[in-house]
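Asks: Sharing a structure, written as structure tokens. Questions coming.
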Amino acid sequence: MPVEEEQQQLDADKLLKEFDSEADKRILTGFVGKIVSAIAICFTLFQLYTAFYGVLDAQLQRAIHLSFGMGLIFLLYPSRHSWSRTSIHPFDLLLAIIGAAVPMYVVVTYHQLVLRAGTVTDLDFAIGALGVLMVIEGCRRVVGKPMVIVAVLFIAYAFAGPYLPDILAHRGVSPSDLVAHLYFTTEGIFGIPLGVSSTFIFLFILFGAYLESTGLGRFFIDIANSIAGWASGGPAKVTVLASGMMGTISGSSVANVVGVGSFTIPMMKKLGYDKEFAGGVEAAGSTGGQIMPPIMGAAAFLMAEFIGVPYLEVVKAGVIPAILYYTGVWIAVHLEAKRKGLKGIPRHELPKLKEVFFNRGHLALPLIAILYLLVDGQTPTKAALWGIVIAIISSALRKSTRMKPGQLIEGLEKGAKGILGVLVACATAGIIIGVVTKTGVGLKLAGGLIDLAGGMLLPVMFFTMITSLILGMGVPTTANYVITSTIAAPALIQLGIPIIAAHMFVFYFGIIADITPPVALAAYAASGISGGNPMKTGITASKLAIAAFIVPYMFVYAPVLLMVKATPLEVFIAAVSAVTGMFGLGVAMIGHWYTKVSPVIRIISFIGGLMLIEPGLVTDMIGIVILVGIYFIQRNKVTGQNKIAV
């Protein structure tokens, strides 16, 4: 690896650890490192075995999954930031043993627990309480304090029910009943979130680990460069394309920013973009990767399980909103480049599209295979398994991309380590769900939300949005979605909104929290690369991603944007008009078309864009008239300026 690229990688790793607690793990070498690697590889082999030969009973599968995960978490993540990252502290070793042993108690005593049918012994209670504490401590280390605080508040709520106001009051839960519910049923820690983590999500993370090993990220950047690098604002458009493609397999906004941004942000700054805009483009582009089909964020798999539909239905629902999101960012980048007179990269400095596809086009075969298998009706598990196999085989088609035996083994290890953040977030989310199901607070909060909004849909959506954004400030997207889908989504459903629209609404805003100030981790990571002001970078990213704040409202009012109960013609018309509307929003955000746009015209353009995004003949006609009118005003203004210049 060249010295410059090696330094870029070191800087990227440093930034990732700063803004993503999941990346701040120990780097172990020698005998201890080999032992930890062996545990991680065994974890992956267990997952592959059950995927090939059949998943175990739900509680057994999830308990073994949690056992491996908790052991690795305490071995890899130190209790204190000041502790060494190259050796394991004896205290962490002790917790690793306890963390791995406690879930195995469920495996060893499984048949006895089934026969006892919810009755817990003193030993059960002690083990279960310890298990809950281990999960919370693991969450603190990997995910961070915000989610731990949320989980602890929910546990406190379970005990404080009789002493709360009527809207939140319940009979209360005894410690033994709560522990039994959270640790010895499939409605708490071993609930649906951990079940999805132990099946679909693990395999897709392993799939992503192998794709990264093949050099797919560099392939995406080269493809984006060859397509858009020469255009106005070329590097920024490259960023949008590459981040969208890479984000669909990375599943982490911050990781995507660091991985792609280390290449693209310097290119944008060299072209003439200011630091905040360069960072904002990367943050907006990378964050949208989690809503980009065919492989969306881990929360998308949970959504399919929660609402009881095939994963393909979630993918289908995400297509038009994702197109609108990236169209909005692309248009904003284009108009900003026009406003500043920024040119693209000379064509002779860019890779040729034909050569890129000829040399590395085979790396895209696994993604094509995944999409084909999902459309063909195969389960996500089978699609992911075949994707992994095809990724390994396709990489071998050319010597330059062929994975060595060591990389194949390393991929097994990366897959196990890559699941840890999702695993412990899902287990902790199970605590929250367990309290909700035990106390019935979900329906109470949904009812309270509707009462607070006066029974009106728009205020309910606004309160739900704010809740999702606040939770997203420190809670991973997966956990954010679990909480908001349990508490806030039912309020939307009670008001008659289709279930998939309600869940997509909270899903979107949980993701966009990564670029929404005051705590916008993706934007802050981008500013670390660009050298810009973090807050200004976050504000810029939010402006570029304006579609993400508007489109969810639109698809709640018009589910045709999610392809719900709509004909292909209706979907096509809605998509075309909405994409056109994004141009109006872009003009309003940037304040430029052919020339500078006045504040009044910006407001009118914003309204026209909204009219076009909202499906309907009347609104579309109003939007078209507005944008056509602004077009002629702009053309006349440019013509007048040219005459004066002459």
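Asks: About the Cα centre, and with charges only on the beta carbon of Lys, Arg (+1) and Asp, Glu (-1), how big is the dipole of segment 333-422? Nearest 20 debye, please.
Replies: 480
Asks: Scan around residue 592 for amide H atoms under 5 Å from its own, H built in the peptide plane at 1.01 Å from N, and keep only partners 5 or more places away or cross-chain.
Replies: Excluding prolines and chain starts, which carry no amide H, the hits are 597.
Asks: At 1.4 Å probe size, put 339, 80 in order of accessible surface, largest to smallest.
Replies: Ranked from most to least accessible, the order is 80, 339.
Asks: Still on this structure, please answer the following. Take 503, 334, 348 and sort them by solvent-accessible surface of the protein heavy atoms, 1.4 Å probe, largest at the top.
Replies: 348, 334, 503
Asks: Another question about this same structure. Pop a pseudo-label 7 angstrom from the Cα along the beta-carbon direction at both residue 45 and residue 338 and give the gap in nm to one decimal.
Replies: 5.9
Asks: Taking segment 525-579 on its own, what percent of its Cα-Cα pair distances exceed 14 Å?
Replies: Considering segment 525-579, 64 percent of its Cα-Cα pairs are separated by more than 14 Å.
Asks: Shifting gears a bit: Using only the Cα atoms of segment 344-464, what are the Rg and Dmax in Å?
Replies: Here Rg and the maximum Cα pair distance are 23.7, 65 Å.
Asks: Then there's this: Quote the accessible area belonging to residue 149 in square angstrom, nearest 10, computed with a 1.4 Å probe and with ligands, DNA and RNA left uncounted.
Replies: We get 100 Å² for residue 149.
Asks: Additional query: Convex hull volume of the Cα atoms in segment 285-360, per residue, in Å³?
Replies: Expressed per residue, the convex hull around the Cα atoms of segment 285-360 is 130 Å³.
Asks: Over the chain, what is the mean sequence separation of C-alpha contacts under 8 Å (at least six apart), divided by residue count, expressed as relative contact order in percent?
Replies: The normalised contact order for the chain reaches 17 percent.
Asks: With every protein chain left in place, what is the accessible area of residue 592 in Å² (1.4 Å probe, nearest 10)?
Replies: Taking all protein chains as shown, residue 592 has close to 20 Å².
Asks: Calculate, for the chain, the solvent-accessible area per residue in square angstrom, rolling a 1.4 angstrom probe over the heavy atoms of the protein chains.
Replies: 41
Asks: For a quick check of understanding: with a 1.4 angstrom probe and all protein chains in place, what accessible area in square angstrom does residue 386 have, to the nearest ten?
Replies: Here the accessible area works out near 130 Å².
Asks: Enter the Cα centre distance for the pair segment 465-480 and segment 497-548, rounded to the nearest angstrom.
Replies: Distance between centres, Cα-based: 11 Å.
Asks: Determine by what factor the alpha-carbon radius of gyration of segment 510-646 differs from 2.2 N^0.38 Å, reporting the quotient.
Replies: In units of the 2.2 N^0.38 Å rule of thumb, it is 1.25.
Asks: Run the reach check for residue 404 against lysines, Cα to Cα strictly under 22 Å, same-chain hits fewer than 8 apart removed. What comes back?
Replies: 34, 414, 417
Asks: Quick one: pull the percent of accessible area on the chain belonging to carbon and sulfur, 1.4 Å probe, ligands and nucleic acids left out.
Replies: Reported share for carbon and sulfur atoms: 67 percent.
Asks: Oh, and also: Using the Cα atoms of segment 90-215, I'd like the radius of gyration and the largest Cα-Cα distance, Dmax, both in angstrom.
Replies: Radius of gyration, then largest Cα-Cα span, for segment 90-215: 17.4, 58 Å.
Asks: Charges on Cβ only, +1 for Lys and Arg, -1 for Asp and Glu, centred on the Cα centroid of the chain; of 299, 511, 89, which one is farthest towards the dipole's positive end?
Replies: 511
Asks: Still on this model: For segment 336-366 and segment 207-265, write down the distance between their C-alpha centroids in whole Å.
Replies: Cα centroid of segment 336-366 versus Cα centroid of segment 207-265: 11 Å apart.
Asks: Between (1) 3, 11, 14, 12, 10, 8, 7, 7, 7, 7, 6, 4, 2, 1, 0; (2) 3, 15, 26, 27, 17, 8, 3, 1, 0, 0; (3) 3, 12, 18, 20, 17, 12, 9, 5, 3, 1, 0, which entry matches P(r) over Cα pairs in 10 Å bins from 0, in percent as derived from the coordinates of this structure?
Replies: The listed entry that was calculated here is (2).
Asks: Still on this structure, I have one more. Return the whole-Å distance between the Cα centroid of segment 619-637 and the Cα centroid of segment 569-587.
Replies: Spelled out, the Cα-based centre of one part sits 15 Å from the other.
Asks: Can you give the helix-only mean residue ellipticity at 222 nm for the chain, where every DSSP H stretch with n ≥ 4 adds -39500 (n - 2.57) and the sum goes over all residues, rounded to the nearest 500 deg cm²/dmol?
Replies: -24500 deg cm²/dmol
Asks: What order do 57, 222, 122, 274 take when sorted by accessible area (1.4 Å probe), most exposed first?
Replies: 122, 57, 274, 222
Asks: Further question: Where a ≥ b ≥ c are the square roots of the eigenvalues of the C-alpha gyration tensor, would you call segment 511-554 rounded, which needs a/c under 1.5, or, failing that, prolate if a/b is larger than b/c, or oblate?
Replies: In terms of gyration-tensor shape, prolate.
Asks: Also: Distance in nm between label sites at residue 83 and residue 58, each 7 Å beyond Cα in the beta-carbon direction?
Replies: 3.4
Asks: Once you place label points 7 Å from the Cα toward the Cβ at residue 389 and residue 164, how far apart are they in nm?
Replies: Once both label points are built, they end up 4.9 nm from each other.
Asks: For segment 368-439, what is the per residue volume of the convex hull drawn over the alpha-carbon atoms, in cubic angstrom?
Replies: Convex hull volume per residue, Cα atoms: 113 Å³.
The values are calculated or read from the model by the stated rules, or taken from the named source; none is laboratory data. Here the structure is a predicted model, which is why all the values come from computation and not from measurement. A quick note on method: Cβ atoms are made from the backbone with ideal geometry, for glycine too, and the neighbour counts reach across all protein chains shown. SASA here: full protein model, heavy atoms, side chains in, ligands and nucleic acids out. Shrake-Rupley method; radii C 1.70, N 1.55, O 1.52, S 1.80 Å.
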